[in-house]
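*Asks:* Can you read through this structure? Questions will come right after.
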């Protein structure tokens, strides 16, 4: 007994006509008769009552027609689900991202993902960079947007873009343009910086900026989370140098002055991960950030 035999039986159970059913199933009438006979012999029941004029289902035939019809629908659903998994159209994928892209690149990316793969479940996380590497290697996340490239051979990375950074200041701050930013004026500011003891890539990047201006910043608060920093700036508690993507958050009470420095954004994933869903998302990123 095979699926095609069952499909032919179900079609005949609805048509109750050998010649008509054979034509619709694209087989000969004799082949259909042999299939039905073989099916009856295998399961040990008569499926149809036949005479020269009529074909009718037996009681056993009616029972099997109802049961097999439901089972084949379920089988078609299971097969369709498996094809979607195989094509990366369905399943679950975890993505870590910095707060700087939460209101800029990330929404554009997720809009395309949802349009192309609406049945794919995406989990979004914000992690510190050292936790991102470990989470990728331990299969806790599948994809990560980062500000630096991993040195591990187990993790692959691709640069997406370079993004300018800016001085984020309260709206009432006396700075109006980049000409106001000098070593002397910067030295007077109350800065919010990444946590120094972690020595993150962005912390070291800011050190280079301050070195270029020849100034040692006056630290007032430490935080690795931009949204927290934005809230403090909006209350006039200090200033910070952040990627310009944070401007898309639309936090009230804040102005920005772009600086002539750029921070790179990368996407990272496990080198040996060839899951269709991951490859589909990487393709979308290639189109979004060529």
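*Asks:* Report whether or not residue 227 is surrounded by 15 or more Cβ atoms within 10 Å (Cβ to Cβ), touching a helix residue (DSSP H, G or I) at 6+ places or on another chain (Cβ under 8 Å) and assigned to a helix (DSSP H, G or I).
*Replies:* yes
*Asks:* Any idea how many residues of segment 268-279 are more than 16 Å from residue 146 (Cα to Cα) and touching a helix residue (DSSP H, G or I) at 6+ places or on another chain (Cβ under 8 Å)?
*Replies:* 1
*Asks:* Anything in segment 11-32 that is closer than 16 Å to residue 57 by Cβ and surrounded by fewer than 17 Cβ atoms within 10 Å (Cβ to Cβ)? List them, or say none.
*Replies:* 11, 14, 15, 16, 17, 20
*Asks:* Looking for something more than 30 Å from residue 157 (Cβ to Cβ), surrounded by fewer than 12 Cβ atoms within 10 Å (Cβ to Cβ) and in contact (Cβ under 8 Å) with a residue 24 or more places away in the chain - is there at least one such residue anywhere in segment 53-66?
*Replies:* Checking segment 53-66: at least one residue is more than 30 Å from residue 157 (Cβ to Cβ), surrounded by fewer than 12 Cβ atoms within 10 Å (Cβ to Cβ) and in contact (Cβ under 8 Å) with a residue 24 or more places away in the chain.
Quick grid of which residues meet (1) touching a helix residue (DSSP H, G or I) at 6+ places or on another chain (Cβ under 7 Å); (2) more than 30 Å from residue 139 (Cβ to Cβ); (3) not assigned by TED's automatic domain parsing to the domain that holds residue 279:
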residue	(1), (2), (3)
54	no, yes, yes
64	no, yes, yes
80	no, no, yes
98	no, no, no
103	yes, no, no
106	no, no, no
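*Asks:* Got at least one residue in segment 218-228 being under 10 Å from residue 241 (Cβ atoms) and at pLDDT 90 or above?
*Replies:* So far as segment 218-228 goes, no, none of its residues is under 10 Å from residue 241 (Cβ atoms) and at pLDDT 90 or above.
*Asks:* Could you go through segment 233-248 and let me know if any residue there is within 26 Å of the chain's Cα centre (by Cα) and surrounded by fewer than 18 Cβ atoms within 10 Å (Cβ to Cβ).
*Replies:* Yes - at least one qualifying residue is present in segment 233-248.
Here's the yes/no breakdown for (1) closer than 30 Å to residue 134 by Cβ; (2) surrounded by 14 or more Cβ atoms within 10 Å (Cβ to Cβ); (3) assigned by TED's automatic domain parsing to the domain that holds residue 204:
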{"position": "146", "(1), (2), (3)": "yes, yes, no"}
{"position": "149", "(1), (2), (3)": "yes, yes, no"}
{"position": "155", "(1), (2), (3)": "yes, yes, no"}
{"position": "166", "(1), (2), (3)": "no, yes, yes"}
{"position": "171", "(1), (2), (3)": "no, no, yes"}
{"position": "176", "(1), (2), (3)": "no, no, yes"}
{"position": "179", "(1), (2), (3)": "no, no, yes"}
{"position": "184", "(1), (2), (3)": "no, no, yes"}
{"position": "188", "(1), (2), (3)": "no, no, yes"}
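*Asks:* In addition: Residues that are over 30 Å from residue 285 (Cα atoms): which strands (runs of 3 or more DSSP E) entirely in segment 21-119 hold 2 or more of them?
*Replies:* Answer list for segment 21-119: 48-50, 55-57.
*Asks:* Could I ask something else about it? Looking at segment 280-289, can you tell me whether even one residue there is surrounded by 15 or more Cβ atoms within 10 Å (Cβ to Cβ), touching a helix residue (DSSP H, G or I) at 6+ places or on another chain (Cβ under 7 Å) and over 30 Å from residue 83 (Cα atoms)?
*Replies:* No - not one qualifying residue is present in segment 280-289.
*Asks:* Right, next: Determine whether segment 130-140 contains at least one residue that is closer than 22 Å to residue 260 by Cα, surrounded by 17 or more Cβ atoms within 10 Å (Cβ to Cβ) and either assigned by TED's automatic domain parsing to the domain that holds residue 237 or at pLDDT 90 or above (or both).
*Replies:* Scanning segment 130-140 turns up no residue that is closer than 22 Å to residue 260 by Cα, surrounded by 17 or more Cβ atoms within 10 Å (Cβ to Cβ) and either assigned by TED's automatic domain parsing to the domain that holds residue 237 or at pLDDT 90 or above (or both).
The values are calculated or read from the model by the stated rules, or taken from the named source; none is laboratory data. Fair warning: this is a prediction, and the values are worked out from it, not measured in the lab. Note that each Cβ is placed from the backbone with ideal geometry, even for glycine, and that neighbours are counted across all protein chains shown.
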